[in-house]
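First comes the structure, then the notes that go with it.
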Amino acid sequence: MPLTGELFVASKRVRRDGPGFRAVAAATGAEIEPSFSIATTDDVETAAAAAEAAFPIYANLPREERAKFLEAIAEEIEALGDELVERAMQESGLPQARLTGERGRTAGQLRLFAKELRLGDYLRARIDHAIPDRAPAPKPDLRLRMVPLGPVTVFGASNFPLAFSVAGGDTAAALAAGCPVIVKGHSAHPGTSELVAGAITRAAEKTGMPQGVFSLINGAGNSVGSALVTDPRIKAVGFTGSRGGGTALMKLAQNRPVPIPVYAEMSSINPVFLLPGALTAKAEALGTGFIASLTMGAGQFCTNPGLVLALEGPDLDRFVTAASDAMCGAPSQVMLTPGIHKAYTSGVARWASAPALKLLAEGQEPSGPTSGRGALFTMTGADFIADPSHAEEVFGAASLLVRCASIEELIEVVKLLEGQLTATLHLAEDDTALAQQLLPVLERLAGRILANGWPTGVEVTDAQVHGGPFPSTSDGRSTSVGTLAIERFLRPVAYQDLPAALLPAELRDGEAGIPRRVDGKPTL
Ligand code: NAP
């Protein structure tokens, strides 16, 4: 199906005259057809009004109907076939295998949230029966469940054009919760976004969803995104991107007459700890494994290992030799956008000019105008403690090895780090005592702690946390991957002494078909 460049405003395709914009091929920087419409303020108004009108209908649909909608989106995305992957390859520069896998993950996430709806424990249903004859005062009947917040705005991410964009994790979680979604499309992949928006719209029609349950809006500059975040009908925001963009949206949302939550995933350097026993046992394997993780996808993962910490010594020298050799052989790779490539090369240049940092190795020469070359730097723990500013994220395949003189120095370095999505421990059996000492520090630092692996690769499951203290995210109490992500778009309501006829079905006495806590006891 040829791309039209249209917006999707309240499930209708809309074309706007006037200057539009074109996607740019990541590999060459050349513009690609067609021209995409830029939304007007009227389009934002229409989408927000339709989302608000759809909300009470959509939020109160039986969970089974919303589950079928999510499954229909997954089917429609799969039915797009090669066209989707080919357009995403052109726009993002990401390879076919990666995007095919990402399409599978996108469909899988939607189906996982359908399962979550059927399971129903996300409602956290609780019933505390009344005790009318309790002394000195009677106890009222109280029942609780989670309800959706209202229309949600989602900002598509540049580095996951499928799994974290139009029908990605934020959209799936919000739709599952019962919230209509207005996506602000990322300007780096408008064609991919149009194809996916078409799939969502077809799924909505086939499953009888209310108009206004979904819109896709493109904008020029920041005006459309800002208009959506400040619209009084929008009740929450999901965002993945830069720290500057995320914090700007947080400020806008906080300064509204009625502030709303912004769930922004922004910057993380994902420290990796090489403990002494692990280094002795497998320094070379750690060196090559580290570079493979660092350079995967040109390093454009939020969980990229951008910082390595270890104790000085001959085993660390073995690691450095293996990692440097692997880095020298790593091919350069096309980056997502010319802007991201520029930010990466200037970040590497900043590190290269810092007197405390030493370049250990670089990847192969860039092969094109937007191709990024990996880079590995090192510095001492003492220098890091004197100036921790070098821990700022360089988004791409660059990493910094901090060589510490003692455990105490290493722990001091960790305490200077900002909030992280992940922290990784490489350990052998004789590192257990040290790992136990580090664990409480890491729990305060990161949302996911892993052992003897690499942080890239985020499994989508019930027990996943892809979140962490600021600035890795704006709110470390949440996750944007896994079924717990639904909680960002819900809030609790308690019903006191309501007659049964007014209670939601999940809170009435008798069989409800979902897990509940009744008078303090978990029940099925
Ligand atoms: P970005 O510049 O933050 O843009 C993300 C989205 O937010 C885009 O749709 C953008 O609109 C919009 N936006 C940004 N600032 C805004 C503002 N002040 N008001 C309203 N809307 C705003 O991120 P990016 O283009 O994807 O990449 C730039 C940098 O972000 C990278 O170099 C990297 O450092 C970081 N990044 C981090 C992650 C992560 O997972 N942590 C992922 C991707 C990127 P437009 O599209 O119209 O510009």
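For segment 429-524, GluC sites (Glu not before Pro) are listed when DSSP marks them as loop and at most 16 other Cβ atoms sit within 10 Å of their Cβ; the list is E459, E511.
For the chain, what does the alpha-carbon gyration tensor say about shape, rounded, prolate or oblate, given a ≥ b ≥ c as the root eigenvalues, a/c under 1.5 as rounded, and a/b over b/c as prolate? Taking the square roots of the gyration eigenvalues as a ≥ b ≥ c, the chain is oblate. Note on the chain: helix-only mean residue ellipticity at 222 nm, from DSSP H runs of 4+ residues weighted -39500 (n - 2.57) and normalised by residue number, equals -12000 deg cm²/dmol. In terms of the mean number of neighbouring beta-carbon atoms within 10 Å, the peptides 9-22, 114-127 order highest first as 114-127, 9-22.
Need the full-extension length gain, A349 to T4, defined as separation in residues times 0.36 nm minus the C-alpha distance. One decimal, nm. Result: 120.2 nm gained on full extension.
By accessible area of protein heavy atoms, probe 1.4 Å, what ranking do L307, L112 get, highest first?
Result, largest first: L112, L307.
List the residues of segment 233-255 whose backbone N lies under 12 Å from a point placed 7 Å from the Cα of R491 along the Cα-to-Cβ direction. Residues passing the 12 Å test: 235-236.
Solvent-accessible area per residue in segment 251-311 equals 30 Å², computed with a 1.4 angstrom probe and all protein chains kept.
Packing around the peptides 418-425, 242-249, taken as the average count of other Cβ atoms within 10 Å per residue, puts them in this order, highest first: 418-425, 242-249. Placing a label point 7 Å from the Cα of E78 along the Cα-to-Cβ direction, the residues of segment 185-200 whose backbone N falls under 19 Å from that point are 196-200.
Of the peptides 221-229, 27-35, 144-152, the order by per-residue mean of other Cβ atoms within 10 Å, starting with the highest, comes out as 144-152, 221-229, 27-35. Taking 0.36 nm per residue of separation and subtracting the current Cα-Cα distance, fully stretching the chain between A135 and E86 would add 10.6 nm.
Measuring r between the beta carbons of D387 and E443 and using R0 = 22 Å, the FRET efficiency lands at 0.25. Per atom type, the chain shows carbon and sulfur on 57% of its accessible surface, probed at 1.4 Å. Here K139 is the anchor, and the aspartates and glutamates within straight C-alpha reach of less than 13 Å, apart from those fewer than 8 places off in the same chain, are D128, D497, D519.
Tell me, in nm to one decimal, what length is gained between E65 and T28 on full extension, where the rule is 0.36 nm per residue of separation less the Cα-Cα distance? Intermediate results must be reported in sequence, preceding the final value.
Values: separation 37, 0.36 × 37 = 13.32 nm, distance 4.42 nm.
Gain on stretching E65 to T28: 8.9 nm.
When the listed pairs K12/K115; K184/K235; K12/K68; K358/K415 are checked against a 26 Å cut-off, the alpha-carbon distance exceeds it for K12/K115.
May I ask for the distance between the Cα centers of segment 398-416 and segment 30-55, given as a whole number of Å? What the calculation gives is 47 Å, centre to centre. Cα gyration tensor of segment 224-375, axes a ≥ b ≥ c as square roots of the eigenvalues: rounded (a/c below 1.5), prolate (a/b > b/c) or oblate? Because a/c hits 1.5 or more and a/b exceeds b/c, segment 224-375 counts as prolate.
The values are calculated or read from the model by the stated rules, or taken from the named source; none is laboratory data. Source: prediction; values computed, not measured. FYI the Cβ positions are ideal-geometry reconstructions off the backbone, even for glycines, and counts take in every protein chain you see. Note: accessible area is taken over every heavy atom of the protein model, side chains too, but ligands, DNA and RNA are not part of it. Shrake-Rupley method; radii C 1.70, N 1.55, O 1.52, S 1.80 Å.
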